[in-house]
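Below is one structure, written out as structure tokens, with a few remarks after it.
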Amino acid sequence: MDRKSGETPTIPDSDELFPTTPEGFERRPNRVPLALLGVAVLAAMFAVGFTMFTRSVVYYQTPTEVLSKQGEHVRLAGAVVDGSIAVDTATGTVTFSVSDATTEVPIVYHGSAPDTLRDEGEAVVEGALGPDGVFVADTLFAKCPSKFVAKTSG
């Protein structure tokens, strides 16, 4: 009962509270949350892909460029200086120098040398240039020659 008028309140019909759609019309679901979820997933995938790509791409540096990047982890490529390869089996180190015709950088690598590491061949090392001017490599690759020449019999 309503105190002022003394009447009992009426309860509205369910049709008044929850109107039905007119005949022939259909209520479409709201697609905004689904679209936002899709955008968020695509943005996350892009961010992960971009981060993985930028961290995995390492450009070759020349010996001249490496001199200015002391202490940074870089990938160095250069021609092996003729007669500079020395293998110490007792300590398991390989030392050699690479050059870009302007600058020569000595390399120290702890591990076994690849069979393709040759004088005047192309070598690629990853590591850092120390304060003493020696490049300490943690990875060593030797590029294969671009031309293959048959051995002469004799």
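Details
- Restricting the first member to segment 110-135 and to residues that are closer than 11 Å to Q70 by Cβ, and the second to residues that are surrounded by 13 or more Cβ atoms within 10 Å (Cβ to Cβ) and among the small types (G, A, S), the beta-carbon pairs closer than 7 Å and six or more apart or on different chains are F135/G127.
- Test: residue in segment 81-88 that is among the hydrophobic types (A, V, I, L, M, F, W, C), crowded, with 16+ Cβ neighbours inside 10 Å, part of a loop (DSSP other than H, G, I, E, B) and at pLDDT 90 or above: yes
- Applying the criterion of being touching a Leu at 6+ places or on another chain (Cβ under 6 Å) and among the polar types (S, T, N, Q) to the residues of segment 54-80, the residue that is surrounded by the most Cβ atoms within 10 Å (Cβ to Cβ) is Q61.
- Within segment 101-134, the residues that satisfy the criterion of being touching a helix residue (DSSP H, G or I) at 6+ places or on another chain (Cβ under 7 Å) and in a strand (DSSP E or B) are E104, V105, L129.
- Of all the residues in segment 135-144, those that are open to solvent by 80 Å² or more (accessible area, probe 1.4 Å) and either assigned to a strand (DSSP E or B) or hydroxyl-bearing (S, T, Y) (or both) number 2.
- Residues that are within 21 Å of the chain's Cα centre (by Cα), part of a loop (DSSP other than H, G, I, E, B) and among the hydroxyl-bearing types (S, T, Y) within segment 56-80 comprise Y59, T62, listed in sequence order.
The values are calculated or read from the model by the stated rules, or taken from the named source; none is laboratory data. Quantities reported herein were computed from a predicted structural model and do not represent experimental measurements. Neighbour counts are summed over all protein chains in view; Cβ atoms, including those assigned to glycine, are modelled from backbone coordinates with ideal geometry. For accessibility, only protein heavy atoms count, side chains too; no ligands or nucleic acids. Shrake-Rupley method; radii C 1.70, N 1.55, O 1.52, S 1.80 Å.
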